[in-house]
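Right, one structure below, let's go through it.
The values are calculated or read from the model by the stated rules, or taken from the named source; none is laboratory data. Note that the coordinates shown come from a computational prediction; the quantities given were computed from them, not determined experimentally. Here the Cβ positions follow ideal geometry from the backbone for every residue, glycine too, while neighbour counts run over all protein chains shown. The area values use the complete protein model at the heavy-atom level, side chains included, leaving out ligands, DNA and RNA. Shrake-Rupley method; radii C 1.70, N 1.55, O 1.52, S 1.80 Å.
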Amino acid sequence: MTAVDLAQNTLDGLMVGASYALLAVGFTLIFGVMRRLNLAYGPTIMAGVYLGTAAFISLGAPTLVVLVVVIIGAALVGLYVERLCFRPFGEGARAASMVASFALWMQLEEAATHLLPQHMNPFPPLLATQPLEIGPLLLRADHLVMLAATLLIAGAVTYLLARTKLGLAIRAVIDQPRAAAIVGIHVERVMMLTFVLASAIGGVAGFLIAATDGQVTHMIGMWATTKGLVAMMLGGLGSVKGAIAGGLLLGILEAHAQWFLGPQVRDMVAWGLLFVLLAFWPGGLMGAKALDRTMAVGRRV
Amino acid sequence: MLELQNLSKYFGGVRAVDSLSLKIEPGQIFGLIGPNGSGKSTTVNLITGLLGVTNGSIRLSGEEITRLPTHVRLSSGIARTFQNIRLFGQLTVWQNLWVAENSRAQRERTSFLARWLGGESGARARITKALEFSGLSHKANELAANLAFGEQRRLELARAMAAEPKLLLLDEPAAGMNAEEIGALDERIRQIRDSGITVLLIEHHMELIMAIADRIAVLNFGQKIAEGTPAEVQANPAVREAYLGTAETSTRGTA
């Protein structure tokens, strides 16, 4: 083990962490406005990615078209999830929404395996160039694209929330749904827009992940839900900045764990972290009163 | 302006509001009083649509609004403040008012996206004016959650006014205020009325309500037991009994 290895791990982790960060941003936006967990978030992304790869396989769609299909697909499936799992239940029936989203998870996986029965499916690669050499460190160009896209989207979301009327309406709904309705905000529509936006962001993340792998299985759904969930919890429920920090940190932790303890440990880190967070540190990085999560959400994002 | 007809709200077997009929004339300050739990806040929640009506109807300027969703109802000219202040705590003072400006834009029927993504040129001037009116100009960039209690009340009132309502519902605006602040509130409510806005005022502070209300209705157990001018209501034996009766029971309870 050398300093170069450590630096290389950190760099690799940062790049993979960028995709976690995107997942967590979408997750946290949905949690913020709904105050309910959307377990079907990952499978929504998977559905979008599968539609994209189906277009790639059967029509030979170019990469850019696949990207568009993935984003639109994820957004539409997100709308479907919102209609079925969240719109019909009020905030008083959080468990109902969560269980319903679990049911949709199963449904979406089933639908995906009918669309593409093979376990492993090809996905158009983003950039097939040689890794860049920066001194002793190696850097994949497509990873760099992933990091850049993450920073771009995170910046755009932050701008949206801080500066636009829509963003302020989203924050008003997160803060005080009833008062938001009172000042004339169509609360349900703001929730729906946020949900669709978050699903589209998830679609971008799903595309980048599948493209850097060059292949995709339906397991990406569960993968996205768990990684996004852990990254969100690590950053602090409902905080966009926390989601980004949590995603990057999770990526770095995993990369080091893989290097020191072996590849089979990689996913255990995420699961172990989720347990530790839930048990001891539910407020996450952006520190809040651990037990008063709804309040915490209100103050952040 | 506002007309309630046989309005009822049941929570299970509890009749929180029971066949309430009221008629509020334009330009009035209409007071709604009654002991705790008599259904005043429920009435306001029914008028604003935060609660669904069990029976009866609500009309605003002759227009039936009983089943309209809250945000539509509000943009047709109703605004309110809450008994327990509900500001957007993580937004700045200025942003709280900016969000409220949406209500007006909605009435002007611009498209949804234009409403949310575009800025409105007149909004800035109106917000600046509202801040001056509330004495909050120097706190414009402060987070609403960080304001002092009295300032939060003023901001909530300003936010309601930003919607340029025809009817303003004030749910215990004097709660937690000292005498000096209540004096200022009295003045402000009169100014609002004089600017042509009808006010429905729920208040426990009798001195305030008797001083400024043009007309008062008294609720007890969800039913209207009296209505009239402040003098008439004060002289009404049923009202005395409702208040004194409650006091007597509670004295017995503690004895």
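Taking the condition of being among the small types (Gly, Ala, Ser) and under 17 Å from A:LEU126 (Cβ atoms), how many residues in segment A:61-76 meet it?
Residues flagged as among the small types (Gly, Ala, Ser) and under 17 Å from A:LEU126 (Cβ atoms) within segment A:61-76 amount to 1.
Being open to solvent by 10 Å² or more (accessible area, probe 1.4 Å), under 16 Å from the mean Cα position of the chain (by Cα) and either over 23 Å from A:ALA172 (Cβ atoms) or in the same structural domain as B:MET206 (by TED's automatic domain parsing) (or both) is a property that B:LEU50 has.
If you go through segment A:27-58 and keep only what is of a type in the set (Ser, Thr, Tyr) and either open to solvent by less than 10 Å² (accessible area, probe 1.4 Å) or touching a Cys at 6+ places or on another chain (Cβ under 7 Å) (or both), you end up with A:THR28, A:TYR41, A:THR44, A:TYR50, A:THR53. Inside segment B:1-30, residues that are in contact with a helix residue (DSSP H, G or I) (Cβ under 9 Å, 6 or more places away or on another chain) and at positive phi make up a count of 1.
Of the residues B:LEU50, B:LEU87, B:LEU68, the single one that is within 12 Å of chain A (Cβ to nearest Cβ), in contact with a Leu (Cβ under 7 Å, 6 or more places away or on another chain) and part of a loop (DSSP other than H, G, I, E, B) is B:LEU87. A:LEU151 meets the conditions (1) open to solvent by 40 Å² or more (accessible area, probe 1.4 Å); (2) under 21 Å from A:ILE244 (Cα atoms); (3) within 14 Å of chain B (Cβ to nearest Cβ) in every case but one. The failed one is (3). Of the residues making up segment A:170-187, those that are part of a helix (DSSP H, G or I) and either crowded, with 24+ Cβ neighbours inside 10 Å or within 8 Å of another protein chain (Cβ to nearest Cβ) (or both) number 12.
Checking B:PRO26, B:PRO35 one by one, the residue that is modelled with pLDDT of 90 or more and in a loop (DSSP other than H, G, I, E, B) is B:PRO26 and no other.
Restricting attention to segment B:1-21 and to residues that are more than 15 Å from the chain's Cα centre (by Cα) and among the aliphatic types (A, V, I, L, M), the residue that is nearest to B:GLU64 (Cα to Cα) turns out to be B:LEU4.
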